[in-house]
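No lab work stands behind these numbers, since they all come straight from the coordinates. It should be emphasised that the depicted structure is a prediction, and the values quoted were computed from it without experimental measurement. We place every Cβ from the backbone using ideal geometry, glycine too, and count neighbours over all the protein chains shown.
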Amino acid sequence: MMRSFLFWLSTRQSIFNFARRNRLARKFASRFVAGESIEDAVAAASALRARGITASLDMLGESVASPAEAEQARDTYLAMLHAMKAAGVEVNVSVKLTQMGLDIDPDLCERNVRAILGLAKGFDGFVRLDMEGSPYTQRTLDFFEHRLVGEYGAHTGMVIQAALRRSTDDIAGLIRLGARVRLCKGAYLEKPEIAFPDKKDVDSHYVLLMERLLQSGNYPGIATHDEAIIAHAKQFAAQHTIPRDRFEFQMLYGVRRDLQEQLAREGYRLRVYIPFGTQWYPYLMRRLAERPANIVFIFGNVIKEGFRRA
């Protein structure tokens, strides 16, 4: 019930408009979203680099309604790549295909994504195709395999959601392609015939897929804040003599910063996904819906940090 309510809230434009005008809402969001501008996001990446943590920038927003909006999103990403290069941070971004015009015209989307990939390749950078809701899973995989991976394989990769039942087969296919995979649990509300409804089943599926990627994948990204799963990944890698430079942990900006620092101190590779842009309200609602217990965790940490600063 709570998950459904939070997902519903994420779609309410009137609430979004109110939140964007509200000073307290913006202050709360600033912990988890770097800001609304490229400069804010690059500054956050630079601060992480100083602590030995890499970053990937993600401009918030999904489906666009016109070719002009898709091209504007493309141009923002091109400016983002230039800004990262100029700041001396690793050029690494995450892109949603619907933001590039997939629903308008797949060829338009391909032109936009290729423009971003071409520049990223010139900067020896990396562009991750983000995964959206299940109606886009096969379309995104097909787009990656048939339009991009042959030319840009070393500079692009995919996201797979462990919550989806089909992901076992999808991981196997991506391993055969030699693709770089970011494994996450999944932040979309899906029907039970498509996705595991219970957290314990999602976690079990995640661990199964993670082990396969660690053994056979191409530099997988283990995207989780779950301490038990992270501990299992460390143990599994050690038992199978998988070097630490063969994979990386990935976390979200502002979430479990204590754990981020711990992993960096222990010598593990860690990448933090830095979201930015005006569409921060639906992003935060989906993150909370992914695991409603995060509400208590997030508010508790915000209050604690407030007391420390006082």
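How much length would be gained if the chain were fully extended between E266 and E193, taking 0.36 nm per residue of separation minus their Cα-Cα distance, in nm to one decimal? Provide the component values of the computation, followed by the final result.
Details: separation 73, 0.36 × 73 = 26.28 nm, distance 3.99 nm.
Full extension from E266 to E193 adds 22.3 nm.
Neighbour counts of other C-beta atoms within 10 Å: give me H225, H82, H155 arranged from fewest to most.
Working: H225 18, H82 14, H155 21.
Ascending number of Cβ neighbours within 10 Å: H82, H225, H155.
Would you mind pulling out the separation of the Cα centroids of the range 210-276 and the range 127-147, in Å?
23 Å
How large is the charge dipole for the range 34-276, taken about the Cα centre, if only the Cβ atoms of Lys, Arg (+1) and Asp, Glu (-1) carry charge, to the nearest 20 debye?
Details: 29 positive and 34 negative charges, 167 e Å.
Here the range 34-276 has a charge dipole of around 800 debye.
Sorted from fewest to most neighbouring beta carbons within 10 Å, what does the list E132, E145 look like? Could the numbers behind the result be given before it?
On the way: E132 21, E145 15.
With the sparsest Cβ surroundings first, the list reads E145, E132.
Please compute the modelled spin-label separation between A154 and L78, points set 7 Å along Cα→Cβ, answer in nm with one decimal.
2.4 nm
Divide the volume of the convex hull of the Cα atoms of the range 34-276 by its number of residues and quote the answer in cubic angstrom per residue.
Numbers: hull volume 28.4 nm³, N = 243.
Spelled out: Cα convex hull of the range 34-276, divided by residues, is 117 Å³.
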